[in-house]
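Structure first, then comments.
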Amino acid sequence: MSRLFTEAKRRLKTASKYIDIDPDVLEKLKYPQETLSASLLIRMDDGSRRSFKAWRCRYDDTRGPTKGGIRFYPSVCLDEIMALSFWMTFKCAVANLPFGGGKGGVAVNAQKLSKSELEKLSRTYVKAFSKFIGPDRDIPAPDMYTNSMVMGWMADEYSAIVGQPSPAVITGKPLELGGSQGRKDATGYGGYLVIRHLEKEFELHPKKSSVIIQGFGNAGFHCAKLLHQDGYKIIGICDSKTGLYDKSGLDPIALYDNKIKLGALFNQYTPPSVTQMSNTKLLEEKCDLLIPAALENQITALNAENIKASVICELANGPITFAADEILAKNNITVIPDILANAGGVIVSYFEWVQNKAGYYWEEDEVRTKLKQRIEPEAHKIWNLKLELGIDMRTAAYVLALERINAAVSAHGTKAFFVS
Ligand code: NAD
């Protein structure tokens with residue numbers, strides 16, 4: 001068993017010390033309920049055939065159908081998918097959604113595929129996993145290097161396989177295929193809502209606080225944009241290729257527009273006041289709020305001591321290791337954990353699923369209001385649990401989730417343990 005999944009489970013062990021939990025529930029949560037691996041063989045544009053390894057994992061469905069994204073990334077492996085599906089189980093419980101956790105992935109550099117190769121790969125993924133996923137069984141969504149276009153192809157393929165339109169099988173779809181208003185920026189918006197809701201507790205101020213963001217994709221860009229619009233000073237942004245730093249403040253909207261147009265964050269329109277900086281160095285620059293919004297394992301025992309932010313908001317899944325958490329806590333750095341900070345995405349995915357099932361669609365304002373109504377009280381509960389038990393926010397979030405999973409297992413009775 002490799003490291004990410006083992007690391008992920010250490011959070012569970014820590015949280016279980018603070019509540020009275022049935023040991024059988026901990027045993028049940030030790031390994032995923034089921035995983036499926038496949039090899040996706042597609043014909044490339046040049047006529048050759050290539051195969052890509054792919055996985056889907058349903059971690060636990062005690063609270064409802066499993067839910068979680070599909071990631072297209074070269075280093076994706078089963079261990080990572082298991083860790084991500086474990087986190088999804090707890091994230092859905094933190095958000096109090098009627099879902100368990102799942103995740104999927106393909107080991108591929110999606111940026112190197114043509115559009116038609118990407119479509120073939122997406123459709124082949126669904127063919128391989130069509131019996132594993134389903135609107136009441138396991139519901140995928142976008143994650144790194146997958147987007148609404150990919151979700152649209154996947155929903156379309158699934159509908160063709162089952163012989164009827166089945167939009168509720170996947171969320172994060174284009175609006176034209178049953179997507180929800182407000183899904184595109186939901187993860188960034190959710191993180192923004194949590195930051196603004198607990199701003200006083202974090203001692204952050206829109207007109208005074210500085211922010212550095214690692215990862216400038218769906219999650220990172222939208223959060224940066226909203227914070228910038230409220231007056232937060234975004235002093236650092238990086239993507240996989242480069243980092244930009246400007247003490248006097250960056251304009252994330254202009255940077256994003258230029259990145260889309262020109263394909264690079266640093267380009268001919270980058271203002272002269274901006275310094276290029278490596279991803280690693282940017283993480284260690286002084287700021288009030290640091291937002292990792294790219295990959296796992298970015299803050300580890302090797303660099304945690306160098307982090308100078310006061311608050312870290314984990315928009316990415318698993319960007320801080322267990323060992324780094326301890327160092328950050330010792331240095332009084334508050335961490336808003338991923339299972340709360342980036343839950344906006346799965347919350348609006350839940351709204352999309354509800355709309356698909358009802359065949360009745362909501363306006364964007366309604367989606368945003370409902371997201372706010374759902375995420376803020378959970379953020380508040382986690383903050384209060386932290387104070388009450390004298391623990392960090394991550395442990396408090398796991399305590400809240402574990403209590404809910406424990407209650408669901410007990411409500412199922414022996415069925416939850418597959419005892420006949
Ligand atoms: P995305 O593909 O839209 O963007 C990823 C960004 O990270 C890109 O800007 C990319 O250049 C950057 N990046 C990649 N490698 C990097 C590196 N080594 N250093 C710095 N930047 C790097 O992906 P996303 O959807 O924004 O997902 C980002 C993170 O947020 C992931 O951990 C994902 O699991 C998590 N997340 C996303 C959602 C969602 O709804 N999109 C929901 C919950 C969690």
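The values are calculated or read from the model by the stated rules, or taken from the named source; none is laboratory data. For clarity, every value in this text was computed on a predicted model and none was experimentally measured. All Cβ positions, glycine included, derive from the backbone under ideal geometry; neighbour counts span all protein chains shown. For the accessible areas, the whole protein counts, side chains as well, though only heavy atoms, and no ligand, DNA or RNA atoms are used. Shrake-Rupley method; radii C 1.70, N 1.55, O 1.52, S 1.80 Å.
Annotations
- Checking each residue in region 211-249 for being within 14 Å of the ligand (Cβ to nearest atom), more than 18 Å from the chain's Cα centre (by Cα) and part of a loop (DSSP other than H, G, I, E, B) picks out LYS241, THR242.
- Condition check for ASN317: at pLDDT below 95 and within 10 Å of the ligand (Cβ to nearest atom): yes
- In summary, LYS357 fulfils each of the numbered conditions (1) within 23 Å of the chain's Cα centre (by Cα); (2) closer than 23 Å to ASP143 by Cα with the single exception of condition (1).
- Lone unmet requirement of (1) in contact with a helix residue (DSSP H, G or I) (Cβ under 8 Å, 6 or more places away or on another chain); (2) under 22 Å from PHE5 (Cβ atoms); (3) outside any strand (DSSP E or B); (4) of a type in the set (Gly, Ala, Ser) for SER85: (1)
- Candidates MET144, MET149, MET154 - the one that is among the aliphatic types (A, V, I, L, M) and part of a loop (DSSP other than H, G, I, E, B): MET144
- Out of LYS115, LYS131, one residue alone is open to solvent by 40 Å² or more (accessible area, probe 1.4 Å), out of contact with any Pro (no Cβ under 7 Å at 6 or more places or on another chain) and closer than 26 Å to PHE351 by Cα. It is LYS131.
- Selection status of HIS197, without any contact (Cβ under 8 Å) to a residue 24 or more places away in the chain and away from the ligand (no atom under 16 Å from the Cβ): no
- Residue in region 345-356 that is touching a residue at least 60 places away in the same chain (Cβ under 8 Å), in contact with a strand residue (DSSP E or B) (Cβ under 9 Å, 6 or more places away or on another chain), within 16 Å of ALA93 (Cα to Cα) and open to solvent by 30 Å² or more (accessible area, probe 1.4 Å) present: yes
- Among the candidates THR270, THR275, the residue that is away from the ligand (no atom under 14 Å from the Cβ), open to solvent by 50 Å² or more (accessible area, probe 1.4 Å) and in contact with a strand residue (DSSP E or B) (Cβ under 9 Å, 6 or more places away or on another chain) is uniquely THR275.
- Taking the criterion of being within 18 Å of ILE170 (Cα to Cα) and either within 15 Å of the ligand (Cβ to nearest atom) or buried (at least 24 other Cβ atoms within 10 Å of the Cβ) (or both), the residues of region 64-90 that qualify are THR66, LYS67, GLY68, GLY69, ILE70, ARG71, PHE72, ILE81, LEU84, SER85, MET88, THR89.
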